[in-house]
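Contents: one structure, followed by commentary.
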Amino acid sequence: MRRQTATSGFNPAGSSRALRLDPLSLPVRFDAHDIRADGGVRQIELHRERVVLRRAVHGMRMAVNVRVSDFLGVGLRGIDDAQMLVLAHRDPSLTIPLCVSSDRDEIAAAWQMWSDIFALPQLPEDKPRQPAARRRRHNAIRTRRPKFLVRRRAGDLLNPANIHQGEREIIARN
């Protein structure tokens with residue numbers, strides 16, 4: 001696996017190099033900023049078919065595998081005086097930065113290349129985000145048992161229970 005940590009992820013102090021990954025040299029492994037992770041860093045492995053996100057939260061290490069087809073597309077976002085390409089996901093914490101540049105021609109070329117390699121659509125920044133559709137929950141037990149076994153039986157209303165009131169003593173004698 002080829003690593004590109006020198007030109008991506010967290011740059012050393014005083015470095016003027018921006019995040020720039022080469023789409024033709026996949027798989028790539030790099031570090032990215034994550035405010036929720038321990039140390040503020042997460043590791044990303046980017047392959048043509050899948051993405052692996054590794055981070056630690058409160059000492060618990062985790063690795064999340066996501067198929068590339070689960071991403072919405074390659075999105076363009078404006079940041080200060082530059083633009084950033086991201087692999088956009090419904091869940092914002094799974095969105096992955098791909099390239100940061102202030103050169104519009106370079107961003108346009110990279111945007112097209114990333115979109116072609118992943119076979120995902122190009123998402124412009126002015127497109128309003130729609131909330132994700134809620135998934136329908138299924139009851140696991142309901143599918144295991146027939147409904148008539150689950151229902152409670154009502155009491156027998158035609159034969160009410162015998163109630164003896166005002167009696168001094170109830171004794172069963174033969």
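Numbers for the structure displayed
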{"item": "Relative contact order (%) - criterion: Cα under 8 Å, at least six apart; region: the stretch 35-113", "result": "17 percent"}
{"item": "Gain on full stretching of the segment that runs from Val57 to Ile171 - 0.36 nm per residue minus C-alpha separation", "result": "33.9 nm"}
{"item": "Calculated FRET efficiency for the pair Asp38/Gln122, C-beta based, R₀ 41 Å, to 0.05", "result": "0.75"}
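Every read-out reported here was derived from the displayed coordinates using simple, explicitly stated rules and does not represent laboratory data. Since we're looking at a predicted model, the values are computed, not measured. Cβ sites come from the backbone with ideal geometry, for glycine too, and all protein chains shown count toward neighbours.
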